[in-house]
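Peer 1: One structure coming up, written as structure tokens, with questions to follow.
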Amino acid sequence: IAYVYDEAGYFPARCNLAMVAVEPLMSAKEQEERVDRAVWHAWGTNPPAADEAILRDLIERHFRHTGSSRAKEILADWERARGRFVKVFPNEYRRALKELSEARTERKAA
């Protein structure tokens, strides 16, 4: 998974979409409503966290460790800035997450 700050909105047109999907970064509520939890990306959390929470945590850590002025700007205007990020999701990773979830469900049912 990669989160790309696409301020100008050009990234999807410049990305090779043969092996990845480029998706908007949804709010936690939107992700909860629209995305099967089986394909949520885990970031050291169980259950997996929403992409918005993962990304914000990454930017906050980056700011804490580097003092980045760009990170500070993004965090200060999070609602607007969040809408400029896209999620790059490899198709094979999505497939693997789905298969792992199905295997877990089968084990619980057995």
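The values are calculated or read from the model by the stated rules, or taken from the named source; none is laboratory data. Everything numeric here is computed off the predicted structure, so don't read it as measured data. When we count neighbours, we look across all protein chains shown, and the Cβ atoms used for this are built from the backbone with ideal geometry, even at glycine. Keep in mind that these areas ignore ligands, DNA and RNA; they rest on the heavy atoms of the full protein, side chains included. Shrake-Rupley method; radii C 1.70, N 1.55, O 1.52, S 1.80 Å.
Peer 1: May I ask you to list the residues in the stretch 74-92 that are open to solvent by less than 70 Å² (accessible area, probe 1.4 Å) and either touching a residue at least 60 places away in the same chain (Cβ under 8 Å) or under 16 Å from the mean Cα position of the chain (by Cα) (or both)?
Peer 2: Within the stretch 74-92, 74, 78, 81, 82, 83, 85, 86, 87, 88, 89, 90, 91 meet the criteria.
Peer 1: Could you say which residue among 79, 99 is in a helix (DSSP H, G or I) and within 16 Å of residue 4 (Cα to Cα)?
Peer 2: 79
Peer 1: Out of 71, 49, 8, I need the residue that is out of contact with any Leu (no Cβ under 7 Å at 6 or more places or on another chain), in a loop (DSSP other than H, G, I, E, B) and crowded, with 16+ Cβ neighbours inside 10 Å. Which one?
Peer 2: 49
Peer 1: Within the set of pairs 6 or more residues apart or between chains, which connect a residue that is closer than 22 Å to residue 58 by Cα and aliphatic (A, V, I, L, M) inside the stretch 1-13 to a residue that is assigned to a loop (DSSP other than H, G, I, E, B) and open to solvent by less than 60 Å² (accessible area, probe 1.4 Å) with Cβ atoms less than 8 Å apart?
Peer 2: 1/41
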